[in-house]
Structures are given as C-alpha cells and as structure tokens.
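A.B. asks: For reference, the structure I am asking about is given below.
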Amino acid sequence: MPKTSRPSAEVLPCCPPVTERPMTVEESETAARMFKALGDPVRLRLFSAVASHAGGEACVCDISDVGVSQPTVSHHLKKLKEAGLLLSERRGTWVYYRVAPSVLAAMGQILATTPSAA
C-alpha cells in the first residue's frame, strides 16, 4: 500500500476574510505559514506546477525543471509540505505531489472581500 505523508499541520479553511474581522493568533500563524512558504519564487512555481498539473497531482520528475538543482527542489517541496500545502506519496522510485485538500479554498477565503454592511 502506498505511503502518503501527512502535512505537519492540518490545513483547513482557517480564517475569515481579512476584511471581516481581525484574525486570532492561531489563524494568523496558520495563514502566515502558508503564505511564507509561497513567498519564495521557486516554491511558488513548484506549487503552481503541482496545482495545475493534469489529474491534480504531479511526479517530482515532471516538475523539477525550475532552474535549481534537484536537492534544492527537494528542499523547497519539503518546505511546502511542512507548511501543509502539499501532500506526497511514494510510488516505486518516484514521489507524487498534490495540493492538500482545501488549501486553495483556505487561501482564497483569506483574501476574499465580504459585502460591507450598509
């Protein structure tokens, strides 16, 4: 049976839109961890490559051409996993990555605007 790694922290729609109310300490720590991981251009490219790949998952062999060495790709993928943004599964000699469930919704919700009360 394939082994699937779990993110270091469960990522669920964590936070209200920033325009709704101030975030709690926990909400801000979760959001900052996600956005910090994506603050590096190589990580953002890797995340985008996984998220946009056919079938919603990508083999590391298909996404590693981002202009850095393979060990550096592995380092960045590890950081994305630690932030709870990616999940991975080893299949033979290759590792396949997919965006953790609800990550895109969580990140989009944080930046969404709410209708203002009139």
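The values are calculated or read from the model by the stated rules, or taken from the named source; none is laboratory data. As the structure is a computational prediction, the values presented were derived from the model and not from experiment. Virtual Cβ from ideal backbone geometry, glycine too; neighbours counted across all protein chains shown. Note: areas computed on protein heavy atoms with side chains; ligands, DNA, RNA excluded. Shrake-Rupley method; radii C 1.70, N 1.55, O 1.52, S 1.80 Å.
A.B. asks: Which of the residues spanning segment 91-111 are among the hydroxyl-bearing types (Ser, Thr, Tyr) and either exposed (fewer than 13 other Cβ atoms within 10 Å of the Cβ) or closer than 12 Å to ALA37 by Cα (or both)? Step through it out loud before you land on a result.
C.D. replies: First, pick out the residues of segment 91-111 that are among the hydroxyl-bearing types (Ser, Thr, Tyr): 93, 96-97, 102.
The one that is among the hydroxyl-bearing types (Ser, Thr, Tyr) and either exposed (fewer than 13 other Cβ atoms within 10 Å of the Cβ) or closer than 12 Å to ALA37 by Cα (or both): THR93.
A.B. asks: Here is a further query. Which one of these does ALA58 not meet: (1) of a type outside the set (D, E, K, R); (2) under 20 Å from THR30 (Cβ atoms); (3) not in a loop (DSSP other than H, G, I, E, B)?
C.D. replies: Single failed check for ALA58: (2).
A.B. asks: Okay, next question. Name the residue, out of THR19, THR72, that is part of a loop (DSSP other than H, G, I, E, B) and either among the aromatic types (Phe, Trp, Tyr) or more than 14 Å from VAL103 (Cα to Cα) (or both). Show your work before the answer.
C.D. replies: Working: THR72 fails: part of a loop (DSSP other than H, G, I, E, B).
On inspection, the qualifying residue turns out to be THR19.
A.B. asks: Kindly provide the set of residues from segment 43-56 that are on the phi < 0 side of the Ramachandran plot, over 13 Å from the mean Cα position of the chain (by Cα) and surrounded by fewer than 16 Cβ atoms within 10 Å (Cβ to Cβ), ordered by number. Reasoning before the result, please.
C.D. replies: Here is the first cut: in segment 43-56, the residues on the phi < 0 side of the Ramachandran plot are 43-54.
Restricting the remaining residues to those that are over 13 Å from the mean Cα position of the chain (by Cα) gives 53-54.
The answer is ALA54, and nothing else.
A.B. asks: Which members of segment 1-42 meet the condition of being among the polar types (S, T, N, Q), at pLDDT 80 or above, open to solvent by less than 70 Å² (accessible area, probe 1.4 Å) and over 13 Å from the mean Cα position of the chain (by Cα)? Reasoning before the result, please.
C.D. replies: From segment 1-42, those among the polar types (S, T, N, Q) are 4-5, 8, 19, 24, 28, 30; that's our starting set.
Still in the list and also at pLDDT 80 or above: 19, 24, 28, 30.
Now restrict to residues that are open to solvent by less than 70 Å² (accessible area, probe 1.4 Å): 24, 28, 30.
Listed by number, the residues that qualify are THR24, SER28.
A.B. asks: Only one of these is without any contact (Cβ under 8 Å) to a residue 40 or more places away in the chain, open to solvent by less than 70 Å² (accessible area, probe 1.4 Å) and within 28 Å of GLU29 (Cα to Cα): SER88, SER74. Name it.
C.D. replies: Working: SER88 fails: without any contact (Cβ under 8 Å) to a residue 40 or more places away in the chain.
Result of the check over SER88, SER74: SER74.
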